[in-house]
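Colleague: Have a look at this one before I ask anything.
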Amino acid sequence: MLDFRSAHVARASPIRTSLLAHPVGLAAGLGASEADQVLRDLHVRNLAVLEDISVEFGPGLNVLTGETGAGKSIVVDSLALLAGVRATSELIRAGEEVLSVTGVFQPEGERWRQVLREAGLHSGSDELVVRREINREGRNRVFVQDQPVTLTLLTRLAPQLIRIHGQRQELGLVSARLQRQWLDRSGGEKGAEFLRDVEKRFNSLRDLTERIERLEGDDRLRQERVDLLRFQSGDIDAARLQSGEEDSLKAERDVQRHVEAIGAAVGGSLGLLFEEESSASVRLSMASRRLAEIAEWEEQSAIWSKDLETMSIELQEMAHTMRYRLDSLAADPERLNAIEERLSVIDRLTRKYGQTAAEVLAYRQRIGAELEELEGDVEQRDELEEQLASTLEKFRQAAAELSDRRAHWGKQLEKSVHRELRELAMAKARFEVDLSTRRHEASRLEVDDRPVEFSARGYDQVTFKLAANPGEEMLPLASSASGGELSRVYLALQLAVRGEGGGEVPTLVFDEVDAGVGGAEAAILGDKLQRLAEGGQILAVTHLAQVASHADRHFKVRKRVSGGRTATRVDCLTEPDRVEEVARMLAGKRVTALSRSHAEELIASTTRRVS
C-alpha cells in the first residue's frame with residue numbers, strides 16, 4: 001500500500017485504502033469507452049498539504065516530478081476523488097473546514113452523455129465539470145455540471161473520464177471479467193463480430209429457457225394468471241371501446257347539458273346580425289351604398305364599398321350555418337343519460353387499465369399476446385423443448401468457435417506482451433493467457449462432458465498469469481505481481497492491444513510505474529508512455545529523468561513553508577526550468593553545468609516528432 005504523506009507525519013491515506021476496495025476509476029475501464037478524452041483543468045483546495053492549486057493539463061504525456069515527500073502522490077489522490085472513491089474528513093487540511101476538488105474534462109464519444117441522460121441530466125456543452133466536496137462532518141457532496149448528484153452516479157461516470165494505476169495489487173486488471181474483455185478487444189472488429197453472434201444466440205436461449213421454466217413452475221399460479229387475463233380481456237372486449245371516443249362524448253354531453261344557454265346565445269346573435277331593423281347586415285348594406293355614391297370623387301370608396309359587400313356575403317353564410325345549428329338544437333334527456341352511462345363505462349375501464357381509451361386498448365393488445373403465449377406454451381411444450389435443444393446446440397457451437405478464437409488471440413497477446421515486457425526491465429518475466437471453464441451442476445450446457453457456467457460472453461474463464469522471475473510458478477496476476485510489476489504489465493497490455501487495433505487511449509494516470517526500473521529500460525519506459533499517450537492523455541508521476549524527458553508537459557511538485565505551515569504547489573515548467581529539473585533528477589541536489597548539458601541532450605533526444 002502507498003503511504004499518504006502529510007506535512008508532518010506519514011500515515012496511510014484513506015483514499016488509498018478506498019482504492020483497494022473500489023475498482024471503478026482504476027482499471028475498471030478496460031472494457032469501457034474507447035473515446036479519446038482530456039482532463040484539461042484540475043483545482044484542489046485544502047487536501048492535506050495541497051492548500052490551493054490549479055493545474056492546466058494538456059493532451060499527450062503529462063509528467064509530474066519532485067523530491068520525495070513533495071506531495072506528488074497527493075495530486076493523484078485528488079484525481080482519485082474525482083474517480084469516485086470514498087473519502088473521510090481526515091483528508092481535510094488542518095484548520096480548514098472543507099476540501100474541494102474540481103476537474104474540467106473534455107470527453108469525446110457519447111457514453112458519458114448517455115450516463116448523464118440515464119440520470120436525468122442533459123449537457124449541451126462539450127465540457128464536463130465534476131466537483132467533489134468533503135466537510136468536517138464527513139459529508140460528501142458531488143456536483144456534475146454544477147448540479148448535485150449522488151456518489152453512485154459519479155462512480156458510473158468516472159470510467160468514461162479517468163483511470164488510475166498505482167503502486168497497488170488491486171488494480172482492476174486482476175478482475176477475471178475484465179481480463180476476458182481485454183482479450184476479446186485484442187481480437188479487433190472480427191472479435192466483436194464473434195461476440196455479437198454468441199450474444200444473439202444466448203438471448204434466444206434465455207428467452208426459450210424462461211418460457212419453459214414458467215411451464216415447469218407452479219401451475220396454479222400460471223392458471224391464476226390465465227384466468228385473470230381472460231377476465232380482463234373479456235371486460236375490455238365487452239365495452240367495444242374506440243380510441244379517443246371519450247373526447248367526442250364529453251363534448252356532446254356539454255352541449256346537452258347547456259342546450260338552453262347555447263340556443264339563447266345563437267338566436268340572440270342572429271337577431272343582432274340580421275333580424276332586427278338596425279342589425280349588422282342592414283348597417284353593412286347601407287354603408288356599402290353610401291360609399292358607392294361617392295366613388296366618382298373618392299377612388300378609395302369603391303374599394304371600401306366592395307370590401308363591405310364581401311363582408312355582407314360572408315355574414316349571410318355565417319347566418320345560414322347558425323340557423324342550421326339553432327334548428328338542430330334540442331334537449332334530449334335520453335341521449336344525455338346514454339352518454340353518461342357510456343362515459344361511466346369508459347371511466348371504470350380507464351381506472352383499471354389505463355388513463356385513456358387508447359391506453360386501455362393498447363393494454364388489451366399486450367395481455368392478449370401474453371394470454372396467447374401462456375395458453376399456447378402448454379400445447380407446444382414438446383416443440384419448445386426441441387427448440388431449446390436446437391438453440392442450445394447452436395449457442396454451444398458459436399461459443400466453441402469463440403473459444404478457439406480466444407485461444408488464438410491469447411497466443412498472439414502473449415507474444416506481444418512478452419515483447420513489451422522485455423523492454424520494461426522484465427525480460428525474464430513470463431506472461432500467459434489461460435482459458436478454462438467453471439463447473440456448474442445446474443447448467444444445461446455441457447463442454448467436454450461436464451456442465452459448465454456460461455453467459456452472453458460464452459463459457460470461457462480467462463485468467464492472465466505471470467511469473468515475474470525465473471523459477472517462479474505461473475500464478476494469476478493478483479498473486480504474482482508487485483504494484484510496480486503490475487503497472488508495467490498493464491502498460492505492456494495497453495501497447496500490445498493497441499497494436500492489434502483494439503486499444504483505447506483514454507486519460508490514464510500512472511503513479512510511479514517506473515518503480516524498480518533504471519538505465520536503458522527507463523528510457524524505453526518513457527518512450528512507451530509517450531507512444532501510448534499519442535491521440536490521448538497520460539498523467540505520470542516519476543522519479544526518473546529518462547521518463548520525464550519524454551513529457552509533452554512537465555510539472556514540478558514542490559513544498560514550501562510559510563508562517564509555520566507547509567503547502568505544496570504544482571508548476572508547469574518552462575524549457576529552462578525543465579532542463580534544471582531534469583538535471584536535478586540526474587545529479588541530485590548539486591546541479592552542475594555538466595548535468596545541465598546532459599539534461600538538455602536528453603530532452604532534445606526525446607522531443608516528440610511533429611508530423
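The values are calculated or read from the model by the stated rules, or taken from the named source; none is laboratory data. The structure displayed is predicted, hence computed values, not measured ones. Cβ: placed from backbone, ideal geometry, glycine included. Neighbour counts: every protein chain shown.
Colleague: Glu277 fails exactly one of the following numbered conditions: (1) under 30 Å from Glu375 (Cα atoms); (2) part of a loop (DSSP other than H, G, I, E, B); (3) acidic (Asp, Glu). What is the number of that condition?
Modeller: In the conditions (1) under 30 Å from Glu375 (Cα atoms); (2) part of a loop (DSSP other than H, G, I, E, B); (3) acidic (Asp, Glu), Glu277 misses (1) alone.
Colleague: Could you tell me which residue of segment 215-224 is modelled with the highest pLDDT, considering only residues that are assigned to a helix (DSSP H, G or I) and of a type outside the set (D, E, K, R)?
Modeller: Narrowing segment 215-224 to residues assigned to a helix (DSSP H, G or I): 215-216, 219-224.
Retained after the next criterion (residues that are of a type outside the set (D, E, K, R)): 215, 221, 223.
Values: Leu215: 70, Leu221: 78, Gln223: 81.
Top of the filtered list is Gln223.
Colleague: Also: Residues that are hydrophobic (A, V, I, L, M, F, W, C), in contact with an Asp or Glu (Cβ under 6 Å, 6 or more places away or on another chain), part of a helix (DSSP H, G or I) and surrounded by 15 or more Cβ atoms within 10 Å (Cβ to Cβ): does segment 203-214 have at least one?
Modeller: Filtering segment 203-214 down to residues hydrophobic (A, V, I, L, M, F, W, C) leaves 205, 208, 212.
Now narrow it down to the ones that are in contact with an Asp or Glu (Cβ under 6 Å, 6 or more places away or on another chain): none.
No: zero hits.
Colleague: Just for segment 281-331: of the residues that are of a type in the set (Asp, Glu) and surrounded by fewer than 14 Cβ atoms within 10 Å (Cβ to Cβ), which one is farthest from Ala264 (Cα to Cα)? Walk me through it before giving the result.
Modeller: Our first condition is that a residue be of a type in the set (Asp, Glu); within segment 281-331, this holds for 293, 296, 298-299, 307, 309, 314, 317, 327.
With the extra rule that they be surrounded by fewer than 14 Cβ atoms within 10 Å (Cβ to Cβ), the set shrinks to 293, 296, 298-299, 307, 314, 317, 327.
On the way: Glu293: 38, Glu296: 45, Glu298: 43, Glu299: 43, Asp307: 30, Glu314: 22, Glu317: 20, Asp327: 12 Å.
The qualifying residue farthest from Ala264 (Cα to Cα) is Glu296.
Colleague: Among the numbered criteria (1) in a helix (DSSP H, G or I); (2) touching a residue at least 12 places away in the same chain (Cβ under 8 Å), which one does Ala330 miss?
Modeller: Ala330 satisfies all of (1) in a helix (DSSP H, G or I); (2) touching a residue at least 12 places away in the same chain (Cβ under 8 Å) except (1).
Colleague: Taking only segment 448-464 into account, find how many residues are surrounded by fewer than 18 Cβ atoms within 10 Å (Cβ to Cβ), in contact (Cβ under 8 Å) with a residue 12 or more places away in the chain and either over 22 Å from Phe202 (Cβ atoms) or not polar (S, T, N, Q) (or both).
Modeller: Residues meeting the conditions: 5.
Yes or no, residue by residue, for (1) over 30 Å from Gly234 (Cβ atoms); (2) surrounded by 14 or more Cβ atoms within 10 Å (Cβ to Cβ); (3) at pLDDT 90 or above; (4) touching a Leu at 6+ places or on another chain (Cβ under 6 Å):
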site: Thr350; (1), (2), (3), (4): no, yes, yes, no
site: Asp377; (1), (2), (3), (4): no, yes, no, yes
site: Leu384; (1), (2), (3), (4): no, yes, no, no
site: Glu401; (1), (2), (3), (4): yes, yes, yes, no
site: Arg405; (1), (2), (3), (4): yes, yes, yes, no
site: Lys411; (1), (2), (3), (4): yes, no, yes, no
site: Glu414; (1), (2), (3), (4): yes, yes, yes, no
site: His418; (1), (2), (3), (4): yes, yes, yes, no
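Colleague: When segment 235-265 is examined, which residues are found to be part of a helix (DSSP H, G or I) and under 44 Å from the mean Cα position of the chain (by Cα)? Give the steps one after another, and end with the answer.
Modeller: Initial filter on segment 235-265 (part of a helix (DSSP H, G or I)): 235-239, 245-257, 259-265.
Asp235, Ile236, Asp237, Glu245, Glu246, Asp247, listed by residue number.
Colleague: Looking only at segment 93-134, how many residues end up being in a strand (DSSP E or B), within 20 Å of Gln537 (Cβ to Cβ) and small (Gly, Ala, Ser)?
Modeller: Total satisfying the criteria: 1.
Colleague: Please determine whether any residue of segment 180-187 is buried (at least 21 other Cβ atoms within 10 Å of the Cβ), out of contact with any helix residue (DSSP H, G or I) (no Cβ under 7 Å at 6 or more places or on another chain) and either basic (Lys, Arg) or under 23 Å from Arg45 (Cα atoms) (or both). Even if it seems obvious, please write down each step before you answer.
Modeller: To start, the set of residues in segment 180-187 that are buried (at least 21 other Cβ atoms within 10 Å of the Cβ) comprises 180, 182-187.
Going one step further and asking which of them are out of contact with any helix residue (DSSP H, G or I) (no Cβ under 7 Å at 6 or more places or on another chain), we end up with 180.
With the extra rule that they be either basic (Lys, Arg) or under 23 Å from Arg45 (Cα atoms) (or both), the set shrinks to 180.
Yes, because at least one residue in segment 180-187 is buried (at least 21 other Cβ atoms within 10 Å of the Cβ), out of contact with any helix residue (DSSP H, G or I) (no Cβ under 7 Å at 6 or more places or on another chain) and either basic (Lys, Arg) or under 23 Å from Arg45 (Cα atoms) (or both).
Colleague: Shifting gears a bit: For segment 181-191, how many residues meet the condition of being closer than 16 Å to Ala398 by Cβ and assigned to a helix (DSSP H, G or I)?
Modeller: So the first thing to find is which residues in segment 181-191 are closer than 16 Å to Ala398 by Cβ, and the list is 184, 187, 190-191.
Cutting the leftovers down to assigned to a helix (DSSP H, G or I) gives us 184, 190-191.
Count: 3.
Colleague: Another question about this same structure. How many residues does segment 62-91 hold that are part of a loop (DSSP other than H, G, I, E, B) and surrounded by fewer than 22 Cβ atoms within 10 Å (Cβ to Cβ)?
Modeller: As a first pass, look at segment 62-91 and keep what is part of a loop (DSSP other than H, G, I, E, B): 66-71, 83-88.
Those left that are additionally surrounded by fewer than 22 Cβ atoms within 10 Å (Cβ to Cβ): 67-70, 86, 88.
Going through segment 62-91 one residue at a time, the tally reaches 6.
Colleague: Mind telling me which of the residues Ala192, Ala238 ends up being small (Gly, Ala, Ser), surrounded by 12 or more Cβ atoms within 10 Å (Cβ to Cβ) and not assigned by TED's automatic domain parsing to the domain that holds Ser279?
Modeller: Details: Ala238 fails: surrounded by 12 or more Cβ atoms within 10 Å (Cβ to Cβ).
The unique qualifying residue is Ala192.
Colleague: Give me a count of the residues in segment 386-399 that are of a type outside the set (A, V, I, L, M) and buried (at least 18 other Cβ atoms within 10 Å of the Cβ). Walk me through how you get there before you give the answer.
Modeller: Of all residues in segment 386-399, those of a type outside the set (A, V, I, L, M) come to 386-387, 390-391, 393-397.
Subset that is buried (at least 18 other Cβ atoms within 10 Å of the Cβ): 391, 395-396.
The qualifying residues number 3.
Colleague: If you don't mind, another one. Identify the residue in segment 41-61 that is closer than 20 Å to Pro107 by Cα and of a type in the set (D, E, K, R) and, among all such residues, is surrounded by the most Cβ atoms within 10 Å (Cβ to Cβ).
Modeller: Asp41
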